[in-house]
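Structure record follows, encoded as structure tokens.
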Amino acid sequence: QKSKAALCPILRQHQHHNFTGTNEVCTFVSDASEPKVKFVIGGFQKGGTTSLQEMLNQHPMLHLPPHEQHFFDEDEHYKLGLDYYESKSCNGIGIDQMCGEKTPKYIFSSKAIDRVLAYNRDMKWILIAREPIARAFSQHRMYLRRGWTRETSFDDAVLLHRDYVTRGFYDDAVEYLL
């Protein structure tokens, strides 16, 4: 209950929500016409988004689906409509929970960002980044594990896989969102 009480004042300030209850418990009351997904975790491959998602899901007032949704960046998902998105993202949400989702790739697509903001102009973005060289090295280890590269030398792999470097250009990706 203490963790819920700590979030109540913050949640009450959000302009699109009504909250009832005392400082001990606050209950989220949503208007059916407003967007159900309130925040997006964006970021960069191997940047820590999965760890952040797991930590946030431990809070009783937050709900994130277990997998990346890829709704706004993949046309085949987007054409299924917002009801599909909300039911997939917020499936199992409790009345006192705020729904979010994690798809780091959104930050690399102006089309995805435009679609997110068209859905919810007040969407909160949680962006997470990692030191670019450590991120690239982690990506290389993942590529080796998955069999996507045979280059065991990181230096050689960087020359073959341009995205090791370009995925670390955080300012280019974030500029459109701002």
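The values are calculated or read from the model by the stated rules, or taken from the named source; none is laboratory data. Please read these numbers as outputs of a predicted model, since none were measured by experiment. Positions of Cβ are generated from backbone atoms using ideal geometry, with glycine treated the same way; all protein chains shown enter the neighbour counts. Surface accessibility is based on the protein's heavy atoms, side chains included, excluding ligands, DNA and RNA. Shrake-Rupley method; radii C 1.70, N 1.55, O 1.52, S 1.80 Å.
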Subject >> Of Asn120, Phe108, Ala136, farthest towards positive along the dipole that unit charges on Lys, Arg, Asp, Glu beta carbons give the stretch 83-169 >> reply: Ala136
Original post:
With Cβ to Cβ distances under 9 Å as the rule, what net charge do the other residues near Asp73 carry (K, R +1; D, E -1)?
Top reply: +1
Subject >> Stretch gain in nm, segment Glu131-Tyr84, where the contour uses 0.36 nm per residue and the Cα spacing is subtracted >> reply: 13.4 nm
Subject >> Estimated inter-spin distance, Arg146 and Met55, nm [label 7 Å along Cα→Cβ] >> reply: 2.4 nm
Subject >> Residues of the stretch 88-178: accessible area per residue with a 1.4 Å probe, Å² >> reply: 59 Å²
**OP:** Could you look at the stretch 21-151 and say what percent of its accessible area is carbon and sulfur, using a 1.4 Å probe and all protein chains?
**Re:** 53 percent
Original post:
With each pseudo-label sitting 7 Å past Cα toward Cβ, what's the Arg162-Glu175 distance in nm, one decimal?
Top reply: 1.7 nm
Original post:
What order, most packed first, do the peptides 88-97, 142-151 have when packing is the mean number of other Cβ atoms within 10 Å of each residue?
Top reply: 88-97, 142-151
Original post:
What shape does the stretch 39-133 have by the C-alpha gyration tensor, where a ≥ b ≥ c are the square roots of the eigenvalues, rounded means a/c under 1.5, and otherwise prolate means a/b greater than b/c and oblate the rest?
Top reply: oblate
Original post:
Roughly what % of Cα-Cα distances in the stretch 70-178 sit above 20 Å, to the whole percent?
Top reply: 53 percent
Subject >> Which of His70, Val37, Thr50, positive extreme of dipole for the stretch 34-88 (C-beta unit charges) >> reply: Thr50
Original post:
Can you list residues whose amide H is under 5 Å from Lys102's amide H, if they're 5+ apart or on another chain and H is modeled 1.01 Å from N?
Top reply: Ile41, Gln69
